[in-house]
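Worksheet: one structure, shown below.
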Amino acid sequence: MTTRFLLARTGVMLLTAVALLAIQFFLFRLMPGDPTASVLAGGMSPEIQDELKRLWGLDQSLLLQFWSYAKNLTRLDFGVSFYRNVPVGEVVLPRFWNTIIFMLLAMLWANLFGVALGVLSVIRRQRPLEGWLIVLGSAARATPLFVTGMIFLLVFAYHLGWFPLGGMHRVGAVYATWWQRYFNLDLLHHLFLPTLVAGIFYFTTPFFVMRTAMLEHLHDDHLLLARAKGASPLMVLLKHVARNALNPVITTTALSLGFAVGGQVVVETIFHWPGLGSELVFSTFRRDYPMVQAIFFLISLTVIAMNYLADLAYLFLDPRLRYEAQQ
Amino acid sequence: MLRQVKIILLAVLVLFTLTLGGTAALATGSAQGQRVPTQNFLTDPQGYSVAFWESSQIAMDTWNKELGTDFKRQVEEHDQVIRKMFEGDYDCGILFIMGSPVRLDPGFLFNTFFYGSCPGFYNRIPRNQCAGGGGALNFPGYFNPEFNRLLKAQDRIFDYAERKKITDRMVEMLVQDRPALVLFSPYVVHLMNTKRWKNERGMPGEGLGSAWNVMGIEPTGDDKALRVGSTYAVPSINPMAVRRTQGYRVMDLIYDTLFRVDLEGKAEKWMAQEAKVTDGPNGPKTAVEITLRPDLKFHDGQSVTADDVLFTIDFARKFKAPDLYNYVKRVVKAEKTGDLSLTLHLSEPWSGVFHVLLSKMYILPEHIWSQVAQKEKEPILWPNPKPVGSGPFKFVSWDKGAQLVMDKNPAYFAPVNPDRLIRVKFESMETLAAAVEKDEIDLQWGEPMNAAIVERMKGKAGVKAIKLPNHGFAMFTFRCVKAPYNDPTFMEALEYCLPRDLIMDRVYPGIAQKAVSPIPPGNKAWHNPRVFDLAKPYDPDKAREILKRAGYTWDEQGRLCFPK
Amino acid sequence: MKAALAGLNRLGRIGLGILVLFGLMALAGPALAPYDPRATQVDAQGKMISLSPPTWRHPLGTTWQGRDVLSQVLHGARPTLVVGLSAALILAFVGVNVGLWSGYFGGWVDLVLMRAVDILYGLPFLPLMVVVMSLLAREQKYVILGIGLVAWRDVARVVRAQVLSLREEAYIKAVRSVGAGHLRVIYLHLFPNLLPLALLFLAFGLVWSILGHADLSFLGFGDPAHPTWGDMVSSAWAAGVMTEAYWWYLAPSVCIAAVSTGAFFLACALEEAVDPRLRRRGPGA
């Protein structure tokens, strides 16, 4: 029966992906503005404009364009960027990895802070510290990323000089392989500040989830048993309560990871991190349809996949839900 | 239940306070009767250029206050600004004409920006029905038959003095007809870090971004990697598809051209050892005889020959290379006269052939591109992943939208100082300036630096702001085929009410030159100083008087109304 | 009034206080502003007072073009709250209605509406807003519509879940069995039960819209006719004087953070007050 649930869930996920693909295709073509506008600055004649439209396939009907787009996508061919004149995949895939590695680290920070402070707030419940932690948790989520980002950049990179001013690698670094590119200390040095900023913004969710879950389990029967066996209250809290409370944290992390993939435009702008978000904004400005579509599609796929994973995790981590699914 | 009621009560209270506080002042301003309607002033967003943003703010405020007009800002992304202006879908707006080398040529400049081929050009008549097209960027829709006649005439004249006389006349016409109001010509201000490099070679209009500087700048020590930063991305590294100044800057280094525009702004022989204009079968002065240098090599070791040049011309014509096609079209026939020599036959004499065509046409290696032409369905869209040219630098790697790396070409015929060139893309001027300050970046390329940043960098050790004259300029462009701009009186009043000095003083304190025509003083060879006498000084009283005399009135609210 | 306040915890009351304070600022700010926020201030010699640090004459300093920062901050409250509140109203309205219909009717209606929610979840918020703003224009009403019509997805999900359990309650079943019309059941019987939830999402919606609007303004999509705090920070960033002129962007940054933190406090308190058992997966995911 669980298999049936899984199948249904997978089917829904695939359908959503297809629907998104179509929506994104037509949404961007609704945008006023001709992509050939980007060539005008050089002083084009109408003749050249028409030629470019033909090259880019913009002279065909929308449906035909969609058909060839979908067809090429099955071969993982996103088309050629109007503005950059290179296959979209060449630009988008490295940026996709940059974004993923960025988000993984940011989420690591978020969960470290969130879980640690969440546990701390429960240990110190009914004391002033709890109140301050809640204030901190709320303020972190309510402060715009550009405010924290700018302040961190100014203080730690510009004034103190502990971190580079942005970018992904040392200026002029050239890497031969994917592995070398993503696994080196230089990258970590550049990642630290921007991911910390994002981590602070996102730590609120794990913080509150952890707190709530722990408070819920605080009075469970088996805790009394543990206490009766002579374990110290702190040990009980950490060993039994905190461990159980981690489950919802894991599922929500999967969810927020999905959302966060698309939401880093601001941090990427401040730290000029070459991620998907800033490229998306840039391509939108230039009406670079193939690029915008590919980026949107990748982000959406990540979100859907993460949602799916979160559902699965929920299913396997929570026995009650597993039972429900079987019904 | 009680608790819920309480909360609802509370929420209503909060809502009430907030909505009261939030009643937005909705502008009504509908055009009634005779009023000059609200005019949308098209600008780029602030992040594109804070200076242009503020310049237009000052002008709009002054006009609205002194003349009773209603100019309102309309913000669009830069590409969309250009598109709207191109389609004539705008009232007025600000535009910056960058000082690229090719624009030093008045023929090129006027052909692009002020040539209109028929009356009502851009006014409901589709461009392609207007015989002969028109200037691709004639945003105002300017049409003046006399101007067009002079433009054609000067294009065929090779003698400088004679050409200058005609150009002067044309510049004066533009100042008097006012299809656009030129504001000022900002100096090219670029930041440079003096720790690793010295003796930079600034070029008017190009600043530190020119190939001359990149090749000739001298290292202070052993670190011979030159790190340059720009807020613009490199669009493409296909020399036939390149369309933006930023792309040219990179292509200028990887590829080479027969001519190059030198530091003084003159097109000089570069790959060409000999070049002269002679009489040909199409008439006097229609044949261009060129001999190549014998020591030219592509990066893969193959020699550059006349065949490569002929192939390039063919390729650009056959596949309609976006920027080149309009010019390469004028070469009706090209023939080889030896291994290293060739003759181009033009349809008619063309004084801009060296400056406009030959210093812009990157010579392709035939042995590579002939295969591209055969194999690729759309050779113009070929990404050119590993460009092979014959320029001073060899391509190494490109992280699109982040970093482009090139190495020195040791076999190049002219000296090249840096061993490696690294171009980094920044998201904002702010971080770019900080990177120069913190020794991460040696030079700034391209876009001029913000005035406020230049001010802040004063006195910082190791950072230098280089200030160079510019033939680029900022202008307000008006749809002069449309009311109220079709009325010369109105345009004259606008100019009388344009506080050029105030704008320069506030937005570009000390880093802009006064300019009133599309050929600013920065373009030494073609500038006409008489235009300063023709331009109107700031005098709002005079502006109102002119309008009153022409029959314009003001209603109770002080809004300007059309003559009855 | 007193009774209503008692329904909230201390944090909620603080949050409410902050919001009321900013509400007053939106009301009276423009009248209190010492200068015209757009006018360039000049000194006795007629020279522009550019980038002046805080002084008695300009308590929060001036901008690059000599505009008074304090006046700009006071004027910025109104557009921020107008956008935040209107967008929050729209998203709560749409979200609650979608949730109601989806939960009440079930079947095809539910399937279609929930797939729409799934799809909206698949569209990243800020990038989507950028596209929407490019599609339309940089005007306040489009920011409101954009945020309001995208961010309702979270509301719809929670409301639907709530309706699903309410639907099974004896009282609703009874109403339905007497033959009450669908609309009657939905809006007269189900909706009142969801009002507190709607209020809660109004508060969360305020946080989302204020932050979303601020991010858009920072990226340069603000309405030039109604400059907000986000636009002020954006101007400072564009002028490139962040390293020196801290006074230009600090006050507006603090204001944005304060007003959205206030709304967040209120939302958390409402959440607790509305239904202590209603533990969502985390606030403002």
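Cut-off 16 Å, label point 7 angstrom out along Cα-to-Cβ of residue B:218: give me the residues of segment B:150-194 whose amide nitrogen falls inside.
B:194
Rg (Å, one decimal) plus Dmax (Å, integer) for the alpha carbons of segment B:460-564?
When restricted to Cα atoms, segment B:460-564 yields Rg and Dmax of 17.8, 64 Å.
Taking a quarter of the surface of the Cα convex hull of segment B:363-443, what do you get in nm²? List each step's numbers first, then the result.
Values: hull surface 28.6 nm².
Across all orientations, segment B:363-443 yields a mean hull projection of 7.2 nm².
Too long at a 25 Å Cα-Cα cut-off: which of B:333/B:360; B:394/B:464; B:467/B:536; A:53/B:377?
B:394/B:464; B:467/B:536
Give me P(r) over segment C:104-161, computed from all C-alpha to C-alpha distances, binned every 5 Å, as integer percentages.
4, 17, 25, 19, 15, 11, 7, 2
Please find the FRET efficiency linking residue C:112 to residue A:64, where r is the Cβ-Cβ separation and R0 is fixed at 30 Å, and quote it to the nearest 0.05.
Working: r = 28 Å, r/R0 = 0.94.
The pair residue C:112/residue A:64 has a calculated efficiency of 0.60.
Enter the angle in degrees (range 0 to 90, nearest 10) between the Cα long axis of helix C:140-150 and the first principal axis of the Cα atoms of chain C, meaning the one along which they spread out most.
Once rounded, the angle reads 30 degrees.
So how long is each side of segment C:41-96 along the principal axes, counting just the alpha-carbon atoms, biggest first, in Å?
59, 17, 13
Kindly provide the helix-only [θ] at 222 nm of chain C, computed as the sum of -39,500 (n - 2.57) over DSSP H runs of four or more divided by all residues, to the nearest 500 deg cm²/dmol?
Theoretical 222 nm ellipticity from helices: -23000 deg cm²/dmol.
Where nothing but the Cβ of Lys and Arg (+1) and of Asp and Glu (-1) is charged, how large is the charge dipole of segment B:326-474 around its Cα centre, in debye to the nearest 20?
140 debye
Kirkwood hydrodynamic radius, segment A:273-314, all distinct C-alpha pairs: what's the number in Å?
11.3 Å
Angle check, please: helix A:276-285 long axis (alpha carbons) against the longest principal axis of chain A (alpha carbons), in degrees 0 to 90, nearest 10.
Here the helix axis deviates by roughly 40 degrees.
Below 28 Å, Cα to Cα, which lysines can residue C:173 reach? Residues fewer than 8 away in the same chain don't count.
B:6
Return the equivalent ellipsoid semi-axes of segment A:45-125 as a descending list in whole Å, where each equals the square root of 5 times an eigenvalue of the C-alpha gyration tensor.
Semi-axes from the Cα gyration tensor: 48, 14, 12 Å.
How large is the translational diffusion coefficient of segment B:44-111 in µm² per second when you combine the Kirkwood radius over alpha carbon pairs with Stokes-Einstein at 10 °C and 1.306 mPa s?
Value of D from the Cα-based Kirkwood radius: 115 µm²/s.
Nearest 500 deg cm²/dmol is fine: what mean residue ellipticity at 222 nm does chain B get from its DSSP H runs of n ≥ 4 alone, each adding -39,500 (n - 2.57), divided by its residue count?
-9000 deg cm²/dmol
Could you give the C-alpha radius of gyration of segment B:335-382 expressed as a fraction of 2.2 N^0.38 Å, taking N as the number of residues it contains?
Its radius of gyration relative to the 2.2 N^0.38 Å reference: 1.48.
For residue B:195 and residue B:72, what does the FRET efficiency come to when R0 = 35 Å and r is the distance between their Cβ atoms, rounded to the nearest 0.05?
The value I calculate is 0.15.
Restricted to Cα positions, what overall size does segment A:16-159 have along the principal axes? Three whole-Å values, descending.
Sorted from largest, the Cα extents of segment A:16-159 read 74, 41, 26 Å.
How long is segment C:160-285 along each principal axis, judged by its Cα atoms, biggest number first, in Å?
70, 30, 17
Each label point is 7 Å from the Cα along the Cα-to-Cβ direction; what then is the distance between the points at residue A:178 and residue B:553, in nm?
A separation of 7.6 nm, rounded to one decimal place.
Are any of the pairs B:224/B:297; B:72/C:141; B:195/B:438; B:224/B:408 more than 19 Å apart by Cα-Cα distance, and if so, which?
Values: B:224/B:297 24 Å; B:72/C:141 17 Å; B:195/B:438 10 Å; B:224/B:408 10 Å.
Violating the 19 Å Cα-Cα cut-off are B:224/B:297.
P(r) tail for chain C, what percent of Cα pairs lie past 35 Å? Don't jump to the answer; show the numbers that get you there.
Numbers: 11615 of 40470 pairs.
Across chain C, Cα pairs with separations above 35 Å total 29 percent.
Using the Cα atoms of segment C:157-232 to build a convex hull, what is its mean projected area in square nanometres? Display every interim value, and only then the final one.
Values: hull surface 27.6 nm².
Average projection, Cα convex hull of segment C:157-232: 6.9 nm².
Count the net charge of all other residues whose Cβ sits under 9 Å from the Cβ of residue A:121, scoring Lys and Arg as +1 and Asp and Glu as -1. Could the numbers behind the result be given before it?
Values: positive: A:124, A:125, A:211; negative: A:130.
Around residue A:121, the surrounding residues sum to +2.
Evaluate the Kirkwood expression for the hydrodynamic radius of the protein assembly as shown, namely the inverse of the mean inverse distance over all pairs of different C-alpha atoms, and round to one decimal in Å.
Radius from the Kirkwood sum: 32.5 Å.
With 10 Å bins from zero, work out the P(r) of chain A over every alpha carbon pair and list the percent per bin.
5, 20, 25, 24, 16, 7, 3, 1, 0
I need the P(r) histogram for segment B:280-423: all alpha carbon pairs, bin width 10 Å from 0 out to the longest distance, whole percents.
Over segment B:280-423, the share of Cα pairs per 10 Å bin runs 11, 35, 36, 16, 3, 0 percent.
How large are Rg and Dmax for segment A:89-227 when calculated on the C-alpha trace, in angstrom?
Cα-based Rg and Dmax for segment A:89-227 come out at 19.1, 62 Å.
Starting from the alpha-carbon convex hull of segment B:434-512, give the projected area averaged over all orientations, in nm².
7.2 nm²
On a 0 to 90° scale, report how tilted helix B:306-318 is relative to the longest principal axis of chain B, with both axes built from alpha carbons and the result rounded to the nearest 10.
Long axis of B:306-318 versus the principal axis of chain B: about 30 degrees.
Viscosity 0.890 mPa s, temperature 25 °C: give me the Stokes-Einstein translational D for chain B in µm²/s, with Rh taken as the Kirkwood radius over C-alpha pairs.
Answer, rounded: 95 µm²/s.
Where a ≥ b ≥ c are the square roots of the eigenvalues of the C-alpha gyration tensor, would you call segment C:64-133 rounded, which needs a/c under 1.5, or, failing that, prolate if a/b is larger than b/c, or oblate?
oblate
For segment B:236-281, what D do you get in µm² per second when you plug the Kirkwood radius from alpha-carbon pairs into Stokes-Einstein at 25 °C and 0.890 mPa s?
Rounded to a whole number, D works out at 198 µm²/s.
Relative contact order of segment C:126-260: what whole-number percent is it, with Cα pairs under 8 angstrom and at least 6 residues apart?
26 percent
Treating the Cα atoms of segment C:75-224 as identical point scatterers in vacuum, please give the log10 of the normalised Debye intensity I(q)/I(0) at q = 0.12, 0.13, 0.20, 0.21 Å⁻¹, two decimals.
Result of the Debye calculation: -0.54, -0.62, -1.12, -1.19.
Values quoted throughout were computed directly from the atomic coordinates according to the rules given, and no laboratory measurement underlies them. The structure displayed is predicted, hence computed values, not measured ones. All Cβ positions, glycine included, derive from the backbone under ideal geometry; neighbour counts span all protein chains shown.
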